[in-house]
Ligand SMILES: [Zn+2]
């Protein structure tokens, strides 16, 4: 029913605001679509990858294999996945979405995330967008992680819960920081609410964010969720930074 209404609204919207590519602004067949020649610029992530953090491997090393970082230090996040490698083209998609108010590709972005995330979405009872501090939400007007979570929810039926986890400490922008300072920056920034404590016990949840760089934000979200009794905290991002890796080292 809702999907039908959304399609009808899109059809009407296409007459008034013609569908344009979220990358180039050129006319395309449907809202959120990319031009055929731009598909090759997008690097979709797929197995083989680290079973825990989703870091892609350059060759198959067996199911359930972990990257060196996950093997050395078991992350709080049970499994993490991302749809795209964060490169020049996907950076434009993310930044136009995050700061440019380009929300017309949202359905497409959600579909890519669902396609990448069956391992983390299976059995999940709630999607939890990474919360923004209220002061940043005020200046940005919307939380991009919440919009992505809504898009994934429409496709999977898993409800979005925005009242269970809060960012009670404002953090500096993570851009340009090393892994260690990212961890220090976000460590302890998130807390579970009273409502969250009432609902999280025994649950499997998926934390949703737009970009995963070192995984520090997901880890900082996962720790208070686990302390509140959540059984598994998974993570799903639209894009992730991928550094070349050799799974045998
Ligand atoms: Zn890993």
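The values are calculated or read from the model by the stated rules, or taken from the named source; none is laboratory data. As the structure is a computational prediction, the values presented were derived from the model and not from experiment. Quick reminder, even Gly has a Cβ in these numbers, built from the backbone with ideal geometry, and neighbours come from all protein chains shown.
Here are the numbers for the structure shown:
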item	result
Scan of the stretch 174-200 for residues that are part of a loop (DSSP other than H, G, I, E, B) and either at pLDDT 95 or above or more than 30 Å from residue 242 (Cβ to Cβ) (or both), ordered by number	193, 200
Whichever residue in the stretch 44-65 is surrounded by fewer than 15 Cβ atoms within 10 Å (Cβ to Cβ) and on the phi > 0 side of the Ramachandran plot and, among such residues, is farthest from the ligand (Cβ to nearest atom)	62
Some residue of the stretch 96-118 being closer than 22 Å to residue 52 by Cβ and without any contact (Cβ under 8 Å) to a residue 24 or more places away in the chain	yes
Output for the stretch 66-83, where each listed residue is more than 9 Å from the ligand (Cβ to nearest atom), farther than 23 Å from residue 205 by Cα and touching a residue at least 24 places away in the same chain (Cβ under 8 Å)	none
Residue identified as in contact (Cβ under 8 Å) with a residue 60 or more places away in the chain and out of contact with any helix residue (DSSP H, G or I) (no Cβ under 8 Å at 6 or more places or on another chain) among 145, 135	145
Answer from 109, 121, 103 - the residue that is in contact with a strand residue (DSSP E or B) (Cβ under 7 Å, 6 or more places away or on another chain) and farther than 16 Å from residue 212 by Cα	121
Qualifying residue in the stretch 162-173 (condition: assigned to a strand (DSSP E or B), touching a strand residue (DSSP E or B) at 6+ places or on another chain (Cβ under 9 Å) and modelled with pLDDT under 95)	yes
